[in-house]
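Notes for the one structure printed next.
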Amino acid sequence: YLSESAGLYLLNLAYSSNKKNFIKFYKLTKKNFYHDGVFIYRMDTNKRKKYQINATIDDLRIIKSLLIYDKIHKTSHYKDEAKNLFKNLKSKVRSGSYLVDYYSITNDKISKNVTLSYQDVQLLRKFDIRLYKRSLKLVKRGFISKKVPLYQQSYSLATKKFNTKEIVTAQCLLTMEHLAEVKKLPVSSQKWLLQKVESNQLYNAYNCEGAAIDKNKAASNYALAAIIGKILANEKLYKASIKVLLTFQVNEPTSKIFGSFGDVQTNQVYSFNELLALIALSNIRNRDFNY
């Protein structure tokens, strides 16, 4: 089990009208993953082994689902819970003015890297305005150029430099999503994304010159593009993204994975694709979303 999947599913449940399912699954998520102030990123169910390290983006996603649940259902049920979870997380993964990638429970050490897609600036703005301002400034510095309106992958606190061997599209789109949520996504990035979606050329990885270096495509990338379209209230981007996203869906009734966004040849299905597709296809509009 992955805390990434748990967080994405919690987001989907938070947007839904089923309170009981959300409450039940959050309790299960906390029981399985929460340990020493963080949500561990992985649990092996066969050996009941819990990996003693977190991924900060997963913690933030889980916390965010609690706030969205309260917003959607007009309650304050998780207000204090979210605040305490963030406080505990910050005490583990904060280094100077940033939240770093992970905390290792085993050796009580933290990462020296700040992955840009981990910086959920909207959530940081809710809980820590100083962290928000510094993180937003760093993400903006990671903007490559108007000609290549994509974002660097990671920043090293040790070298004070960005580390980008390749631009993984999913991570870049998560960075764009976070910026869109606070109305800071450049127009040039929006135009680039729309052009790539409309031409069905949103590939899995690019170099810093903007050339595709992995021309495979994934449902998750188009789902993220659709989610960005929702946040921006950009109907053209949203509809174009959904149109391509649905071409990834398995439509063969005899297939074991009928209806999913998996590989019909291998029957391989990835939760990242499935859950992002669910969120993209939901009817919730979260632009101007204030906690």
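The values are calculated or read from the model by the stated rules, or taken from the named source; none is laboratory data. From a predicted model like this one, the values you see are computed outputs, not experimental measurements. Methodologically, a virtual Cβ is constructed for each residue, glycine included, from the backbone with ideal geometry; neighbour enumeration extends over all protein chains shown. Surface accessibility is based on the protein's heavy atoms, side chains included, excluding ligands, DNA and RNA. Shrake-Rupley method; radii C 1.70, N 1.55, O 1.52, S 1.80 Å.
Selection of first residues in region 14-37 that are farther than 26 Å from residue 280 by Cα and of second residues that are of a type outside the set (Ser, Thr, Tyr), restricted to Cβ pairs under 6 Å at least 6 apart or on distinct chains, gives the following pairs, ordered by first then second residue: 32/43; 36/105; 37/88; 37/92. Quick one: is residue 94 in contact with a helix residue (DSSP H, G or I) (Cβ under 8 Å, 6 or more places away or on another chain), surrounded by fewer than 17 Cβ atoms within 10 Å (Cβ to Cβ) and either without any contact (Cβ under 8 Å) to a residue 60 or more places away in the chain or basic (Lys, Arg) (or both)? Spelling it out, residue 94 is indeed in contact with a helix residue (DSSP H, G or I) (Cβ under 8 Å, 6 or more places away or on another chain), surrounded by fewer than 17 Cβ atoms within 10 Å (Cβ to Cβ) and either without any contact (Cβ under 8 Å) to a residue 60 or more places away in the chain or basic (Lys, Arg) (or both).
Close Cβ contacts (under 7 Å, 6 or more residues apart or on different chains) running from residues in region 199-221 that are under 16 Å from residue 269 (Cα atoms) and of a type in the set (D, E, K, R) to residues that are in a helix (DSSP H, G or I) and modelled with pLDDT of 95 or more are absent. Inspect region 46-58 for any residue being of a type in the set (Asp, Glu), without any contact (Cβ under 8 Å) to a residue 60 or more places away in the chain and touching a Gly at 6+ places or on another chain (Cβ under 8 Å) and give the result as yes or no. Scanning region 46-58, I find at least one residue that is of a type in the set (Asp, Glu), without any contact (Cβ under 8 Å) to a residue 60 or more places away in the chain and touching a Gly at 6+ places or on another chain (Cβ under 8 Å), so the answer is yes.
Restricting region 177-199 to residues that are touching a Phe, Trp or Tyr at 6+ places or on another chain (Cβ under 9 Å) and not in a helix (DSSP H, G or I), the residue that is surrounded by the fewest Cβ atoms within 10 Å (Cβ to Cβ) is 186.
Please determine whether any residue of region 272-281 is surrounded by 17 or more Cβ atoms within 10 Å (Cβ to Cβ) and over 25 Å from residue 68 (Cα atoms). No, there is no match, as no residue in region 272-281 is surrounded by 17 or more Cβ atoms within 10 Å (Cβ to Cβ) and over 25 Å from residue 68 (Cα atoms). Only one of the numbered conditions (1) farther than 22 Å from residue 8 by Cα; (2) open to solvent by 30 Å² or more (accessible area, probe 1.4 Å); (3) touching a residue at least 24 places away in the same chain (Cβ under 8 Å) is violated by residue 248, and that is (1). Please tell me if residue 147 is touching a Lys or Arg at 6+ places or on another chain (Cβ under 8 Å), in contact (Cβ under 8 Å) with a residue 60 or more places away in the chain and either assigned to a loop (DSSP other than H, G, I, E, B) or open to solvent by 10 Å² or more (accessible area, probe 1.4 Å) (or both). Answer is no for this residue.
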